[in-house]
Amino acid sequence: MPRPATGHARLRRCGAAVVFVSMALGGAIAACSSGESQDVTVRVTDSGCQLSPGRVENGTDVTFAVHNSSKRSVRFTLKESDGSAAVGPETVDAGAEEELEGNQFDGKATYMAECAPQGGTPARTQFTVTD
């Protein structure tokens, strides 16, 4: 069960189990979908990581597509202002790609995306949810 995020926003994880339960009960999935979806590409290199786009609108369903072109495994985490994980951590091997689906952000907030290479210093970049 998702936990409320600190600050002004809340992240909801919406997955197959929620869809199945909603369909089985004849309910709407609107609680986990605004109808808008957005892919956010996370490009990891040996020198850092970039998110594109670096901001999404409140209520958007977000899939983080992590592309690791560095020479090391990387742990991707989207952190709240208090340092707790809102998304992840997800380990992505060197040269691999992973998708983290079913993330919906409720409310305006600023997060810190962290790409931590195995045995190295984490790179950080800002991710913003707007109204």
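Derivation of every value follows stated rules applied to the coordinates shown; laboratory data play no part. None of these values were measured; they are calculated from a predicted model. When we count neighbours, we look across all protein chains shown, and the Cβ atoms used for this are built from the backbone with ideal geometry, even at glycine.
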Ascending count of other beta-carbon atoms within 10 Å, so fewest first, for 37, 73: 37, 73
Distance (nanometres) between label positions extended 7 Å along Cα→Cβ at residue 65 and residue 43: 1.3
